[in-house]
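**Student:** So that we are looking at the same thing, I have put the structure below in structure tokens.
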Amino acid sequence: MPVAMKKPPIDDEMVTIRLRVRRSNASKIKSFAYSVESEKEPSFTIEEVFPEYVGKEKQVALRAYRYREDLTQKQLADRTGIPQRHISEMETGKRPIGKENAKKLAEALNCDYRSLL
């Protein structure tokens with residue numbers, strides 16, 4: 001006849017975790033752990049999440065507005081009169097957008113032209 005065994009108590013309140021991480025990431029991991037423990041939603045800056053886009057805010061904004069409106073570069077070119085290759089160059093940072101083009105683009109993309117400057 002099997003004998004009922006008492007299970008050891010489980011302490012699910014706190015645990016100790018040991019990690020080996022690069023020194024450069026230690027402060028980020030520590031601050032994330034503190035934010036999780038304090039039950040606050042962690043917040044990250046755009047620069048932390050997408051460091052490759054730092055300094056390219058205008059280009060990213062142009063592409064994001066175009067995606068939001070579900071337009072191809074060719075369709076946007078047709079709406080604005082700006083050549084498609086220029087739009088491509090603006091999105092990749094090879095060509096400045098300029099005030100006049102920003103106004104044309106903003107009208108077609110339903111946004112404020114200043115967000116493209």
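**Student:** Quick one: putting +1 on the C-beta of Lys and Arg, -1 on the C-beta of Asp and Glu, what dipole do you get for segment 55-116 around its Cα centre, in Debye to the nearest 20?
**Tutor:** Value, rounded to 20: 180 debye.
**Student:** Moving on to the next point. Quote the charge dipole size of the chain about the Cα centre in Debye, to the nearest 20; the model charges only the Cβ of Lys and Arg (+1) and of Asp and Glu (-1).
**Tutor:** The dipole magnitude comes to about 520 debye.
**Student:** With axes computed from alpha carbons, what is the tilt in degrees of helix 99-109 against the longest principal axis of the chain, rounded to the nearest 10 within 0 to 90?
**Tutor:** Once rounded, the angle reads 60 degrees.
**Student:** Continuing with this model, one more query. So who's got an amide H within less than 5 Å of the one on LYS56, skipping anything under 5 residues away but keeping other chains? H placed 1.01 Å off N, in plane.
**Tutor:** Those lying under 5 Å, H to H, from LYS56: there are none.
**Student:** Another question, then. Defining a contact as two alpha carbons under 8 Å apart and six or more residues distant in sequence, what relative contact order in percent does the chain show?
**Tutor:** Taking the mean separation of contacting Cα pairs over the length of the chain, I get 19 percent.
**Student:** Another question about this same structure. Which order do THR72, THR45, THR16, THR80 fall in if you start with the one that has the fewest other Cβ atoms within 10 Å?
**Tutor:** With the sparsest Cβ surroundings first, the list reads THR16, THR45, THR72, THR80.
**Student:** Expressed as an acute angle from 0 to 90° and rounded to the nearest 10, what is the orientation of the C-alpha long axis of helix 23-37 relative to the principal long axis of the chain?
**Tutor:** The angle comes out near 70 degrees.
**Student:** Mind listing which GluC sites (Glu not before Pro) in segment 15-117 are in a DSSP loop and have 11 or fewer other Cβ atoms within 10 Å?
**Tutor:** Hits after loop and neighbour filter: GLU39.
**Student:** Please report how far the C-alpha centroid of segment 53-117 lies from that of segment 12-27, rounded to the nearest whole angstrom.
**Tutor:** 43
**Student:** For the chain, which longest stretch is free of loop sites, where a loop site is one of the trypsin sites (Lys or Arg not before Pro) that DSSP puts outside H, G, I, E and B and that has at most 13 other Cβ atoms within 10 Å?
**Tutor:** The longest uninterrupted stretch comes out as 41-93.
**Student:** How far, in degrees from 0 to 90, does helix 57-68 lean away from the longest principal axis of the Cα atoms of the chain, to the nearest 10?
**Tutor:** Taking Cα atoms only, the helix is inclined about 90 degrees.
Laboratory data are not the source of any read-out in this text; all were calculated from the coordinates shown. Everything quoted here is computed from the prediction, not taken from an experiment. Backbone-built Cβ (ideal geometry, glycine too); neighbour counts: all protein chains shown.
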